[in-house]
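A short worksheet on the structure shown next.
The values are calculated or read from the model by the stated rules, or taken from the named source; none is laboratory data. On a predicted model such as this, the values are computed, not experimentally measured, just so you know. Glycine gets a Cβ as well: all are built from the backbone with ideal geometry, and neighbour counts include every protein chain shown. When the accessible area is computed, the model is the full protein with side chains, heavy atoms only, and any ligands, DNA or RNA have been set aside. Shrake-Rupley method; radii C 1.70, N 1.55, O 1.52, S 1.80 Å.
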Amino acid sequence: MPAIIEPKSELIPGPATVAALVAQLVEGTWPSTDEERETLFRHLLFESGERLDHDSDASSTASYTLLTDLPGISFASWNLFHGRFMSVHFHLYTFPKARAPETRLGHHAVSGMLTDLYGPPSRPWEDKEVPPSIWKVNHREIVTHLFTTRESSLMLSISDGELAVAAEAEATHETGNSDRIVPSQ
């Protein structure tokens, strides 16, 4: 992995720290068991928090808060799909005002570093201001999306690509029939 140089800014966490975290999540082995996920979380100094959805939900996806000592993360979560670790999500550079320049600076810095590491992203749709960006690396999907309408935040998600596709397909097909998509083991 090439050296990541931190731009001079007051962004917390620094964009290089964010890019290094992403690199650890996409370049290492993705957990296939809960024990492996817990080992990864300990390595990254993450801790699983409380469940965000209800245990009684019929959904095949479960969401939990993600606790970390990394400063500057306003919210983090992680998800399971059919009991398998699917994704982590972070909200960074969050400000309670629309179009915060710090958030845009953080978005551009993180996106630039991810582009340097993994090439240009795809953009699934065009947004009037800033479209989401998607990188596909090592069977993982990295997504960044800048939100600035009411408050400002950079959303960053890292997912197992196959599980994310299966979860999306299942969510859109919720017909109750037996031909639902189940990811390979």
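Carbon and sulfur together cover what percent of the accessible area of region 120-167 at a 1.4 Å probe radius? Could you put the intermediate results ahead of the total?
Numbers: 1350 of 2490 Å².
Within region 120-167, the accessible surface is 54 percent carbon and sulfur.
Accessible area per residue for region 107-176, computed on protein heavy atoms with a 1.4 Å probe, is 53 Å².
Computed over region 50-158, the percent of Cα pairs more than 24 Å apart is 32. Packing order of peptides 19-26, 138-145, 156-163, highest average first: 156-163, 19-26, 138-145 (average count of other Cβ atoms within 10 Å over each peptide's residues).
Say R0 is 30 Å: what FRET efficiency, to the nearest 0.05, do SER48 and ARG150 get from their beta-carbon distance? Walk me through the intermediate numbers first.
Numbers: r = 29 Å, r/R0 = 0.98.
The pair SER48/ARG150 has a calculated efficiency of 0.55.
Computed from backbone phi with θ = phi - 60° and the Karplus coefficients 6.51, -1.76 and 1.60, the 3J(HN,Hα) list for region 159-170 is 10, 5, x, 5, 5, 4, 5, 5, 5, 5, 4, 5 Hz; x is used for glycine and proline.
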